Amino acid sequence: MADAKAIPHTIGGPIITMQAITRRFGNTLALDNVSLDVRRGEVLMIVGPSGSGKSTLLRCINFLEVPDAGTVTIDGVVLRRRGVDLNRIREHVGMVFQRFELFPHLTVLQNIVLAQRIVAQRSASASDQIARDLLAKVGIAEKVASYPAQLSGGQQQRVAIARALAMQPKVMLFDEPTSALDPEMIKEVLDVMLDLAREGMTMVIVSHEMGFARAAANRVIFMDQGRIVETGAPEQVFDNPHHERTRLFLSKVLQH
């Protein structure tokens, strides 16, 4: 895998700031007073065991999960339960899920055009052209008229990425985007994400793809029991972790 970090782009100031985020589900404390900044142009990878709070943290960024306490600021706007147009904020925060969440009754082209027409209120011709350009970008230009059921898992996930990019987001969130894929399909999705990293897209990624983290991430966060245990460059976290809990986790996931 080519090294995205070898291709320079500017890392700016924070575009996402999370302060003292707490989220409970009944008696379960999913996030415990978590604070985090994500800088413009940064590729941030979140790793950790199942149930550590990774996906909950990601979903709190755009209020798909509403924190019980704490604040989230995106590009200078503080997200609140009331008084902020969350849908308008989410236009600038693309999200790709583990399951592709495509509309099965729509073609690939229609899946990408829909939000552009309804949410962004773009013209039919502009939406169509953006969709076709993005399908070419993710390497499946020939699938415009196909339906999701006619695509492989890797192709469906690339459509999902194109759909998120069509809204021209400032940030892309990825929630375990390759975990539902067969091994041979993982690389084609990671290659698309690697291209985005090269272009300087701000990305926050929950994944166990450690090779991708080494190639593309500027920073890795290790979470456990709803807290950030360790953060640092991939080389530091993977090769010289400071915390015993990080070492124990990596000893299992990095085994060959």
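The values are calculated or read from the model by the stated rules, or taken from the named source; none is laboratory data. All of these numbers come straight from a predicted model, not from anything done at the bench. When we count neighbours, we look across all protein chains shown, and the Cβ atoms used for this are built from the backbone with ideal geometry, even at glycine. Just so you know, the surface numbers come from the protein's heavy atoms only, side chains and all, with ligands and any DNA or RNA stripped out. Shrake-Rupley method; radii C 1.70, N 1.55, O 1.52, S 1.80 Å.
Brief remarks follow.
- Here Asp175 clears all of (1) surrounded by fewer than 16 Cβ atoms within 10 Å (Cβ to Cβ); (2) among the charged types (D, E, K, R); (3) under 30 Å from Asn33 (Cβ atoms) except the condition numbered (1).
- The numbered conditions (1) under 27 Å from Phe249 (Cβ atoms); (2) open to solvent by 50 Å² or more (accessible area, probe 1.4 Å); (3) touching a helix residue (DSSP H, G or I) at 6+ places or on another chain (Cβ under 9 Å) are all true for Pro49 except (2).
- Contacts under 9 angstrom Cβ, first residue in the stretch 235-252 being closer than 18 Å to Glu209 by Cβ and open to solvent by 60 Å² or more (accessible area, probe 1.4 Å), partner part of a helix (DSSP H, G or I) and modelled with pLDDT under 95, 6 or more apart: Glu235/Arg214
- Scanning the stretch 195-235 for residues that are farther than 25 Å from Met167 by Cβ, touching a helix residue (DSSP H, G or I) at 6+ places or on another chain (Cβ under 7 Å) and not basic (Lys, Arg) yields His208, Met210, Ala213, Ala215, Val220, Phe222, Met223, Asp224, Val229, Glu230, Pro234.
- Residues that are open to solvent by 50 Å² or more (accessible area, probe 1.4 Å), assigned to a loop (DSSP other than H, G, I, E, B) and small (Gly, Ala, Ser) within the stretch 120-147 comprise Ser123, Ala145, listed in sequence order.
- Failed item in (1) at pLDDT 95 or above; (2) open to solvent by 10 Å² or more (accessible area, probe 1.4 Å); (3) over 19 Å from Ile61 (Cβ atoms); (4) of a type outside the set (Asp, Glu), with Arg219 passing the rest: (3)
- Against the conditions (1) more than 25 Å from Glu209 (Cβ to Cβ); (2) touching a strand residue (DSSP E or B) at 6+ places or on another chain (Cβ under 9 Å); (3) of a type outside the set (Gly, Ala, Ser); (4) open to solvent by 50 Å² or more (accessible area, probe 1.4 Å), Arg59 satisfies every one except (1).
- With a requirement of 2 or more residues that are within 15 Å of the chain's Cα centre (by Cα) and basic (Lys, Arg), the helices (runs of 4 or more DSSP H) lying completely within the stretch 148-256 that satisfy it span 153-165.
- Of all residue pairs spaced 6 or more apart or on separate chains, those with beta-carbon atoms under 6 Å, a first member in the stretch 89-115 that is aromatic (Phe, Trp, Tyr) and a second member that is not in a loop (DSSP other than H, G, I, E, B) are Phe97/Asp175; Phe100/Gln156; Phe100/Gln157; Phe100/Ala160; Phe103/Asn111.
- For the stretch 127-140, the count of residues that are over 19 Å from Phe100 (Cα atoms) and of a type in the set (S, T, N, Q) is at least one.
- Only listed residue being in a helix (DSSP H, G or I), modelled with pLDDT under 95 and of a type outside the set (Gly, Ala, Ser), chosen from Leu114, Leu109: Leu114
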